[in-house]
Every structure is written in structure tokens, then in C-alpha cells.
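Everything on this sheet refers to the single structure shown next.
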Amino acid sequence: MNEKIMIVDDEESIADLVEVYLQNEGYRVCKFYNATDALDCLKQEDLSLAILDVMLPDMDGFTLCRKIREKHLFPIIMLTARVEDMDKITGLTLGADDYITKPFNPLELIARVKTQLRRYTRYNVNESPAASEEISVRGLRISKTGHKCFLNEKELSLTPLEFSILLYLCEHRGKVVSSEELFAAVWGEAYLDSNNTVMTHIARLREKMQEPARKPKYVKTVWGVGYTIE
């Protein structure tokens with residue numbers, strides 16, 4: 001197993017515990033108690049995933065997440081002691097792929113790590129152009145096997161999660177996909193009524209596609225039902 005995971009948490013006992021569980025699964029670990037050291041690590045290490053605490057002594061985890069997303073697409077899981085929806089939405093909007101609230105079961109965290117890494121691994125599989133199965137929708141071209149997406153021949157810089165959402169909607173073109181169905185298909189978990197994760201990721205996806213929120217050309221909202229690509 002070659003995956004290298006970065007942990008950033010100023011609560012040393014939590015960081016140490018997560019490190020032990022990850023190492024027991026065979027992952028290599030880079031562990032830091034502040035954001036500054038973590039950013040220095042990014043200049044030297046090729047990482048597969050990051051686990052970031054929201055409350056850090058020198059920089060909040062949201063800012064650290066945003067800085068990572070400026071150059072990197074690997075999955076980010078946020079650890080937060082805050083349970084308010086706005087805190088979760090903030091992290092997801094800035095580029096996090098998942099979040100888990102403290103206190104948490106380390107086994108649940110490991111399960112989420114594995115889910116994100118499976119998606120990231122599939123996303124980064126290199127296939128020859130001839131082998132790529134593509135879906136085209138009015139200037140939007142998405143390669144299922146090459147895991148690349150182009151809008152008007154310009155490649156979109158999508159995270160594995162964003163790619164999975166767009167691919168699922170393209171595969172079900174013409175059908176209105178509910179938030180429950182989309183969440184179950186992409187996240188592989190049961191959907192909760194109070195969960196704003198789907199809505200937040202759709203907003204991020206539209207932003208990258210430079211879609212107007214009120215009249216999007218591609219990913220459209222059917223209020224009270226779900227999302228569709230016509």
C-alpha cells in the first residue's frame with residue numbers, strides 16, 4: 001500500500017490515535033499539529049488524502065483546506081467539534097470532500113478514508129484516449145474511463161467527488177435524480193434529511209463550470225425533486 005495520508009490536528013492525543021489506526025491499515029502517515037508545517041509538507045510529499053482539524057493554532061482548517069485546493073485534488077476530510085450546518089457547508093464549499101464530527105469512532109473515520117481513496121484511485125487511472133468511453137452533452141464531454149471532463153474543449157479541474165456527481169447525472173441524462181439517490185450513489189451512505197452536502201457540491205460544480213446559479217445550462221434544479229441534466 002503506497003497511499004500517504006496527512007493528519008493535521010493540534011490535539012496530539014487525537015492525531016496520535018488516528019495515526020495508529022491508519023498505520024494499522026498499512027497507510028503511510030505524515031502527522032502535524034499546526035497548519036504551517038502541513039503546508040511545508042505539501043511542497044515535498046506526494047499525498048493521497050488529508051485529514052484536517054478545523055481548530056488549529058496558527059490557521060483554521062477551512063483556510064488550510066482552501067490553500068490545499070489551490071494546487072491539489074486529493075480528498076480532504078474535515079474533523080470538527082462544531083455540529084452546526086454552516087460549519088459543515090463552509091468546509092465543503094472550500095473543497096472538502098467529507099467531514100466527521102468529534103468525538104468520532106476511529107473505525108468510522110477509517111471507513112470514510114477508504115471510500116475516498118477508492119474514488120480518488122479510480123479517478124486517477126490513466127487510460128489511452130482510444131479506450132475512453134465518453135458522454136457528450138452540448139459541449140460538455142466526460143470520459144468515464146479516462147476520468148476527465150471538458151467543457152467547450154477546456155478541461156475542468158474537478159475533484160474525484162465532483163467528477164462522480166457529474167458522471168452520474170450525465171449517465172442518467174433526462175432523468176431527475178433526487179438528492180437521496182445521488183448521495184447514495186456517490187457517497188455510498190444513507191441520506192439524511194438535514195444533509196446539505198449534495199446541494200453544496202452541486203453549487204461548487206456549477207461554479208467550476210461557470211454556470212449561473214439561477215439559469216444553469218447543464219446541471220438544473222427541479223425544486224422539491226432533485227437535479228437533472230437534460
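Brief remarks follow.
- Among residues of the range 2-19, those that are among the small types (Gly, Ala, Ser) and within 15 Å of Ile100 (Cα to Cα), counted: 1
- With a requirement of 2 or more residues that are touching a strand residue (DSSP E or B) at 6+ places or on another chain (Cβ under 9 Å) and modelled with pLDDT under 85, the strands (runs of 3 or more DSSP E) lying completely within the range 119-230 that satisfy it span 134-137.
- Cβ pairs under 9 Å, 6+ apart, first in the range 201-222 and over 18 Å from Leu156 (Cα atoms) and without any contact (Cβ under 8 Å) to a residue 60 or more places away in the chain, second aliphatic (A, V, I, L, M) and crowded, with 18+ Cβ neighbours inside 10 Å: Lys220/Ile229; Thr221/Ile202
- If you filter the range 40-58 down to residues that are touching a residue at least 24 places away in the same chain (Cβ under 8 Å) and open to solvent by 40 Å² or more (accessible area, probe 1.4 Å), you find that the one that is nearest to Ala96 (Cα to Cα) is Met55.
- Within the range 15-35, none of the residues are in contact with a Phe, Trp or Tyr (Cβ under 9 Å, 6 or more places away or on another chain), touching a residue at least 12 places away in the same chain (Cβ under 8 Å), closer than 27 Å to Leu205 by Cα and open to solvent by less than 70 Å² (accessible area, probe 1.4 Å).
The values are calculated or read from the model by the stated rules, or taken from the named source; none is laboratory data. Fair warning: this is a prediction, and the values are worked out from it, not measured in the lab. Cβ sites come from the backbone with ideal geometry, for glycine too, and all protein chains shown count toward neighbours. Just the protein is used for accessible areas: all its heavy atoms, side chains included, with ligands, DNA and RNA removed. Shrake-Rupley method; radii C 1.70, N 1.55, O 1.52, S 1.80 Å.
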